[in-house]
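For reference, the structure discussed in these notes is given below.
The values are calculated or read from the model by the stated rules, or taken from the named source; none is laboratory data. Computed from a prediction, not measured in an experiment: that's the story for all the values here. Cβ sites come from the backbone with ideal geometry, for glycine too, and all protein chains shown count toward neighbours. Just so you know, the surface numbers come from the protein's heavy atoms only, side chains and all, with ligands and any DNA or RNA stripped out. Shrake-Rupley method; radii C 1.70, N 1.55, O 1.52, S 1.80 Å.
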Amino acid sequence: MKRRTEYRILIGVAFFIIGLGIIKNQPQWVDQYYAEIFYPIISNLNQWLWSRFPFSVGDLGYCIALIFCLWSLTRFSFNRHVLKAITILGLVVVLFYSSWGVHYFKTPIREQRQLNANLSLEQLQLTATYYAKRLTKLHNELSAEPNKKVVIDASAKELLRLATATMKTAALRPPNINGKAKATLFPSLLSYMGFGGYANPFTHEAQVNTRQPKLKIITTACHEIAHQWGYAAEDEANYISIKACIASENKLIDYAGNMLAFQYLTNALYRYDSKLAQEQYTSVPEGVLVHFKEVQMFWQKYQNPFEAVFEKSYDQYLRANHQQAGIKSYSLVVDLLVDDMVKTQ
C-alpha cells in the first residue's frame, strides 16, 4: 500500500469518526435510517454469506487475523510500517461501526418506554414472585422430582436449533431481519475469558459457548441472536431473549427463559433486602437451585487470573459505546421486566 493511498484512507477514516461523533447524539437518525433501511440489507447479506456454513466463519477469521498479526510483528519496522498499521486499524473501526456498531447509538428501549429512574421494592418483589411461580409450575411439569434439576437429553446442536427457531417467531423480532445461533470453535477459550457467547460484528454470527450448562446455552443463543438483530445493549438483548423464551410453546425453552428472569430479579432483590431474596429462593423447587449451583460451579472451574483483565476490558468497551453501566448493563434487564409487570396490573 503506497503512502499516498494510506494518507487518503486515513483522511476518510477521520471524516468517518467525525460523522460518528455527530451520529452519537442523533439517535433518531440511527433509528430511522440505519436500523430500518441500511441494516436489514447489511444483515441479510451477511446471513446469506455466512449462515450456510456449519462452523463459525468469524472465529476462523479471528484466528487467521491473530496469526497474521503475530507474523507481521516479526517483520515490523516502526518507520516503515506504523502508518500502515494505523491505516488497517482505522479500516477495522470503520467496518465495525458501519457493519453493526452504530446500533449502540439507537434510542434505548428504556427511553422509548420512559422507565422510572428507580424501582420500588414492592414492584421488584411482585415481579420476582411472578416468575418464581411460573418457574415452579414448569419445573414440576418437566421434572418428576422437585429436588432434582431438569434433565435435558437434547444435544448442544439441537438446543441451538431450538433457540434459532424460537427467535424466528419472536414477537419483538425486527422486520426483514433473520438470525442463527452457532457453536463457537473455541468454547474453552470463551470459558476461560468468562463469556457465554458473543455476536461477531463483522460476520453477524451469534457464537455460543456450548461447554456451559444446557439451559444457559438456550438463553445465551437467544441473547446473541438479539444482538444479530441490532439490539446492541446488553440489557435489551437479555430482555429479548427472556421474552422470546417465555412466549415459546416448548416448555423447556419457556423454563430456560423464566430461569434467567428469576436469576436477575432475585439478584436485584438481594441488593435491596437479602431476607426477601432468600424467601424467593425457598419458594421454588430445590431442583431450580441445583441448576444455579451447576452454573456457578461451571464458571468457578474456569476462573483464572486473566479473567479479570477480560472483564475489565469488556467493561471499558461497553462504557465507550453508550452503556454507562459497563458490564453491569446485563442486570438492567430487571427494569424492563418490572415495567412489564407494572403495565399488566
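Among residues belonging to the stretch 1-45 that are touching a helix residue (DSSP H, G or I) at 6+ places or on another chain (Cβ under 7 Å) and part of a loop (DSSP other than H, G, I, E, B), point out the one that is surrounded by the fewest Cβ atoms within 10 Å (Cβ to Cβ). Ranking the candidates gives 1 first. Candidates 244, 221, 256: the one that is touching a strand residue (DSSP E or B) at 6+ places or on another chain (Cβ under 8 Å) and of a type in the set (A, V, I, L, M) is 221. Please verify whether the stretch 56-63 includes one or more residues that are touching a strand residue (DSSP E or B) at 6+ places or on another chain (Cβ under 9 Å), open to solvent by less than 90 Å² (accessible area, probe 1.4 Å) and charged (D, E, K, R). The answer is yes, given that some residue of the stretch 56-63 is touching a strand residue (DSSP E or B) at 6+ places or on another chain (Cβ under 9 Å), open to solvent by less than 90 Å² (accessible area, probe 1.4 Å) and charged (D, E, K, R).
Among the residues that make up the stretch 277-287, is at least one of them more than 21 Å from the chain's Cα centre (by Cα), in a loop (DSSP other than H, G, I, E, B) and at pLDDT 90 or above? Yes, there is a match, as at least one residue in the stretch 277-287 is more than 21 Å from the chain's Cα centre (by Cα), in a loop (DSSP other than H, G, I, E, B) and at pLDDT 90 or above. Could you identify the single residue in 151, 94 that is out of contact with any Ser or Thr (no Cβ under 9 Å at 6 or more places or on another chain) and not small (Gly, Ala, Ser)? After ruling out the rest, the residue left standing is 94. Only one entry of 214, 168 meets the criterion of being among the charged types (D, E, K, R) and buried (at least 18 other Cβ atoms within 10 Å of the Cβ), and that entry is 214. State which residue is nearest to residue 11 (Cα to Cα) when the search covers only the stretch 64-114 and only residues that are aromatic (Phe, Trp, Tyr) and surrounded by fewer than 16 Cβ atoms within 10 Å (Cβ to Cβ). Among those residues, the one meeting the criterion is 96. Counting residues in the stretch 154-161 that are surrounded by fewer than 23 Cβ atoms within 10 Å (Cβ to Cβ) and of a type in the set (Asp, Glu) gives one or more.
Residues are listed down the side, and each one gets a yes or a no for (1) outside any loop (DSSP other than H, G, I, E, B); (2) touching a helix residue (DSSP H, G or I) at 6+ places or on another chain (Cβ under 8 Å); (3) over 24 Å from residue 313 (Cβ atoms); (4) modelled with pLDDT of 95 or more:
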position	(1), (2), (3), (4)
172	no, yes, yes, no
175	no, yes, yes, no
198	yes, yes, no, yes
202	no, yes, no, yes
207	yes, yes, no, yes
218	yes, yes, yes, yes
235	yes, yes, no, no
239	yes, yes, yes, yes
248	no, yes, yes, yes
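Inside the stretch 75-114, residues that are part of a loop (DSSP other than H, G, I, E, B) and farther than 30 Å from residue 200 by Cα make up a count of 2.
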